[in-house]
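In what follows, a single structure is set out as C-alpha cells and then discussed.
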Amino acid sequence: MFAIAMNKIKEDYFISYIYLYIFLMPWNFSNGQMGVLSIILLIWWLIIGKKREYFSKLKIIFEFKPLLLIILFFAYSYLSLLWTDNFETAKTALKYYKYYWIMIPVLFTTLTKEQAKNGLYVFVLSIGGYALFSILIYLNVLHVFQNNISNPRGILSYSIVTIYMAIGTLSSLLISYYSKSNALKTIFLIITFLSLIGLFINNGRSGQLSFFITIFFLFIIYRKNILNIKILITIIILISTSLYLLNSFNKIDKFKYGINELKEVQNNNFSGSWGGRAYMWFAGIHIVKENPIFGTGAGDNIDEFINYTKTHPSDSTWLRSFHNQHLDTLTRYGIIGYILLWSSVFLLLYYLRDLELFFTIGIVFFSITFFSGIFDILLLMKPYNTIFMLIFLLLSIVVYKNKSINSSSV
C-alpha cells in the first residue's frame, strides 16, 4: 500500500506536502523551519478545506479519547498561568506546544488510515537519512561545524540524535518484519543497520539505555512468541551486535563514569553529568512534595529550584533544568497534569493493541521517550517536541480511521 500511495503523489499535492513536512521535521535545519512549514500547511488546508469537507470533520477530534486527553493536558498547561508568577518562563515553556494547534486539526481531518501509515514510514525513512548523515561525518566524508569523529551529531544535539537512532533501529526492523514487499523489507533493513551504527557512534547515553530497556519490554510483551525461531534469532543478533558496537566505540566507559558519579551522591558530591542530574532530581522531588496536585504552574518550577539551592548548597546549584521530563511535568503541572499526559499515551496504546505493527511501533516510540525522559526534558527540546505530537497523531489516525472503517462495514 505504501508503494501504491507513493505512485499517487502527483494526484494530491497537499498530501505530498504533508509527507514532505513529516520528512523534514526531524532535521530542523533552522529556527524558523517549523514555523514556515506549519503556516504553509495551515493556509493550504484552509484553502481546500471546505471543498474537501475537512472542516466538518473537526468534531471527530473530540470523539477520540486519547487525543482528547492530550488536548486537555495542553489546555491545563495554559490554565496553570493562573497560579504561576514567572510569566516569561511560562511563555518560553508553552511556546513548544504552539504548532500542535495546527498539526492536530490539519492532520487528523486530512489523512486516511493508509496515509497515516505512510507518514510513519516517511518519518522512519527520514531517521534513516539522518543516520547516514551522522555516519558520513564519523567517516570524515562530510565536515559539519563542531562535529568530529567522537561527536558526529550533525545539526542536532547528540542526546536527540541518539534517541532518533534508537527509534529508527527498532521501528525500521519492525516495518521490515511485517512488510510483504521485498523492496520495502530491504530498504528498512538497511535503515535498521544504519540506525544501529548511528546509535553507538553518538554519545547520548539516555538513548542507548532506553534502547536496551525497550528491547527488554518487547521481550516481556511478546514472550509467548520467543519460540519463533526467526524472532529468537533476530533478538539474539540485535542484542549481541548492539553490545559489540557499544564496546567497539568505547561507550561502556561513559556508563562507568556515570555510575561512579551516582555513587558519589551518597557523599553529597553531585559532580559530573549524572551527579548534577541527581541533584536536580532531589530538588524536583522536594518541589513536587510542596505542590503535589496542581504543581507550581508553567513558569515557577525553576524559581522554586533556586529557592531550594539556598538551603541545599552544592556544586550543581548553577543548573537551570531538571534534565528529567517527568519531574519537569510534575513540578510544573502536578499530578493532574502528569496523569493527563501519560494516560493519553497509555490509552492510545490500549486502542492500538489489535494492530500489532503499529501497537509495537507505539511501544517503541513511547517507551524510548519515557525512559529517555528520565535524563532530558524532551517535550521542551526541538524538534523532539513536535515529533512527539506527530507520532501521537499518526498512530491516533491509524487506529481511529481503522475503527471507523470497521464500524462502517458492519
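Brief remarks on what is shown
- Sole exception among (1) at pLDDT below 95; (2) closer than 19 Å to residue 393 by Cα; (3) surrounded by 16 or more Cβ atoms within 10 Å (Cβ to Cβ); (4) over 17 Å from the mean Cα position of the chain (by Cα) for residue 96, by number: (4)
- Restricted to segment 17-31, and to residues there that are part of a helix (DSSP H, G or I) and closer than 23 Å to residue 158 by Cα, the residue that is most open to solvent (accessible area, probe 1.4 Å) is 23.
- Taken over segment 46-78, the criterion of being farther than 17 Å from residue 402 by Cα, part of a helix (DSSP H, G or I) and of a type in the set (Lys, Arg) is satisfied by 59 alone.
- Single residue of segment 227-258 satisfying the filter (more than 18 Å from residue 200 (Cα to Cα) and surrounded by 11 or more Cβ atoms within 10 Å (Cβ to Cβ)) that is modelled with the lowest pLDDT: 228
- Checking each residue in segment 119-157 for being of a type in the set (S, T, N, Q), closer than 14 Å to residue 204 by Cβ and open to solvent by 40 Å² or more (accessible area, probe 1.4 Å) picks out 150, 157.
- Only residues that are in contact with a Phe, Trp or Tyr (Cβ under 8 Å, 6 or more places away or on another chain) and open to solvent by 60 Å² or more (accessible area, probe 1.4 Å) were counted across segment 32-56, and they come to 2.
- Subset of segment 99-112 [within 22 Å of the chain's Cα centre (by Cα) and in a helix (DSSP H, G or I)]: 100, 101, 102, 103, 104, 105, 106, 107, 108
- Residues that are surrounded by fewer than 21 Cβ atoms within 10 Å (Cβ to Cβ), of a type in the set (S, T, N, Q) and in contact with a helix residue (DSSP H, G or I) (Cβ under 7 Å, 6 or more places away or on another chain) occur in segment 166-178; there is at least one.
The values are calculated or read from the model by the stated rules, or taken from the named source; none is laboratory data. For clarity, every value in this text was computed on a predicted model and none was experimentally measured. All Cβ positions, even for glycine, are placed from backbone atoms using ideal geometry, and neighbour counts span all protein chains on display. Remember, those area values only see protein heavy atoms, side chains included, never the ligands or the DNA or RNA. Shrake-Rupley method; radii C 1.70, N 1.55, O 1.52, S 1.80 Å.
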